[in-house]
Amino acid sequence: MATTAPHPGEEGPRRDFIFVAAISASAVGAGLAVWPFVNSMNPSRDVLAEATAEVDLTPIEEGQRITVLWRKKPVFIDHRAPAKIEEAEGVALGDLKDPQADADRVQRKEWLVLIGICTHLGCIPQGQRVGERLGDFGGWFCPCHGSHYDTSGRIRKGPAPKNLDVPPYSFISDTTIQLG
Amino acid sequence: MAGGPARQYNNRLIRWVEYRMPIFSAVEATIGRDMPTPKNLNYWWSLGSVLFLALIIQIATGIFLAMHYIPNGAMAFDSVEQIMRNVNYGWLLRYVHANGASLFFAAVYLHILRGMYYGSYKAPRELLWIIGVVIFVVMMATAFMGYVLPWGQMSFWAATVITNLFSAIPLVGNGITTWLWGGFAVDSPTLQRFYSLHYLLPFVIFGISLLHVWALHVHGSSNPVGISTRSKQDTIPYHPYYTSKYMSVIGLSFIVLAFLVFYEPNFLSHPDNFKPADPLQTPANIVPEWYFLPFYAILRSIPDKLGGVVMFGASIAILFLLPWLDTSRVRSARFRPTYRYFFWIFVLDVIILGWVGAQHPEGASLLIGRLATAYYFAHFVIILPFVGWFERPRPLPESISKPVLKSGAAVAEAAE
């Protein structure tokens, strides 16, 4: 290997310092150079611009469920009947795999808003259309691996680890919500 | 420059791999242990490293641009605007890619001229030179097809003009152009195949570059004095001596690239390419990228379609014959008093051709272009052979060490 004859007094801390400084500067430089490449794969601005969606609730009858698309994901909106609300509120938290009270999952009791993606491996649960299986708890049933969700969208039976997610949303009027 | 007897490696991981697949010793057997390199290489020898880095930059930025680009006639232009406006750092990736191509060509031209000045193509490095010219040809094809992808006016009409070169071929010409286009004019099918090849060819270049490096390390680098290395005294290890020396040139190249990218990103491009491709309207003045201008000038200088295309091809193909057209056995122009002048005249001639390539093909510039074209070929087929025969080279030093060491000072002076 190429080794220069050690000059007295030049070896030791001084050379170590140069090595460490050079390697650190290169590491910082490499990081700065890599970041634009990595970040170019993040959502671009036109994708982020579509990150909110408004939904008009007027046409949804009581007991009806609709699916809307938000950030390319299905969002379930359920206009719950009083019986279903009672059922959801009546469950003891101890019986739940992912304990959460129904009141913490809704802003207005009659409107349940969920991201319609099974928390197991990402399939869309059945129960939105007339005639589809609702599962053992009257909510949703995922056909991929048999997860059952209740009328609050909470996991009750099957492999899914968590309740169906509630997306960020707000009522911008009594009949309109904004997702995102 | 063999690697010597089987080597014991200190690193345990390297030992583990080496025992199962002797890849490290295979590399060493090719490049020689510690890569002994002539000790008198000047900065012009750094261009190979710059080129390698330029290729890596092009491939890296290209792969990420390809994640956002859409090779379709209806969407390509908009997808490039999407990259420029919406994709995070898309503008940076694209400007580095576009200006990186210019850096690549600037470096390759200097690399070729270095070879011509110091006679790097002479025995036993003819094949090394030929492989290099092959890389150059593939590079030109890659750059041309990349220029088509933004699907602006210049892209479209460059594609039209260049593919029409093939229509000059007698009998089958029109059939070949139709086949190249995948239609009856340049259109989406053309764009899609260009995109496919534009992605493929850089990897081909990478592969051929490995052959180039392999061929290089059989006899090692040539050097400014042009005589072969004779003893260990003539060489130093590549690392750290040349890695550190070339690092400075790489830094300089980065500064130039960064200046273009951040301050003048469109200095080398053409405003017409900001207009979407329009098959019904040709721009008033079709100009290729700067790195094709000399060859474009040669194409336009010949007042005959087939003749122009043939001479255009010949102007590049003649480089393959360079090792045999130059009849002098002395490699370096330092010891060739006559050739040295003709070399610089040749450089001037190519620059003039480049200027002509950017002008309208009429009047004085057409005449100058014809004269410069004639001289371009004369340099290779007349001047080089004759200068080799009649020139009286200066005495060569005994070895590389001689003009460097004190005892060789007199020889070194004579060499200047």
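All of the numbers you see were taken from the coordinates with simple rules; none came from a lab. The shown structure was predicted, so the numbers you read here are calculated from the model rather than taken from an experiment. Glycine also receives a Cβ, built like all others from the backbone with ideal geometry; neighbour counts cover every protein chain displayed.
Here are the numbers for the structure shown:
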| read-out | value |
| --- | --- |
| Within straight-line cross-link reach of B:Lys275, aspartates and glutamates at Cα separation under 20 Å, skipping those fewer than 8 residues along the same chain | B:Asp78, B:Glu81, B:Asp187, B:Glu264, B:Glu289 |
| Kyte-Doolittle at least 0.0, axis length at least 24 Å by Cα - qualifying DSSP helices, chain B | B:47-66, B:90-117, B:126-148, B:188-219, B:238-263, B:305-325, B:337-357 |
| Three principal axis lengths of the protein assembly as shown [C-alpha, angstrom, descending] | 108, 72, 42 |
| Residue order, fewest to most surrounding Cβ atoms within 10 angstrom, among A:Cys118, A:Cys123, A:Cys142 | A:Cys123, A:Cys118, A:Cys142 |
| C-alpha long axis of helix A:13-39 to longest principal axis of chain A, angle in ° | 30 degrees |
| If the convex hull is drawn through the Cα atoms of region A:50-119, its volume per residue in Å³ | 102 Å³ |
| When the convex hull of its Cα atoms is projected in every direction, mean area for chain B (nm²) | 24.2 nm² |
| Cα coordinate range in region A:57-180, projected on the principal axes (Å, largest first) | 37, 31, 27 |
| Shielding by partners - mean other protein chain Cβ count within 10 Å, residues of A:27-40 | 3 |
| Helical mean residue ellipticity (222 nm; -39500 (n - 2.57) per DSSP H run of 4+; nearest 500) of chain B | -21000 deg cm²/dmol |
| Ranked B:Tyr263, B:Tyr246, criterion: other C-beta atoms within 10 Å, fewest first | B:Tyr263, B:Tyr246 |
| 18 Å Cα-Cα threshold exceeded, pairs from A:Lys72/A:Lys157; B:Lys232/B:Lys402; A:Lys84/A:Lys109; A:Lys73/A:Lys109; A:Lys73/A:Lys157 | A:Lys72/A:Lys157; A:Lys73/A:Lys109; A:Lys73/A:Lys157 |
| Shielding by partners - mean other protein chain Cβ count within 10 Å, residues of A:164-174 | 0 |
| Cβ neighbours within 10 Å from other chains - mean over B:85-98 | 4 |
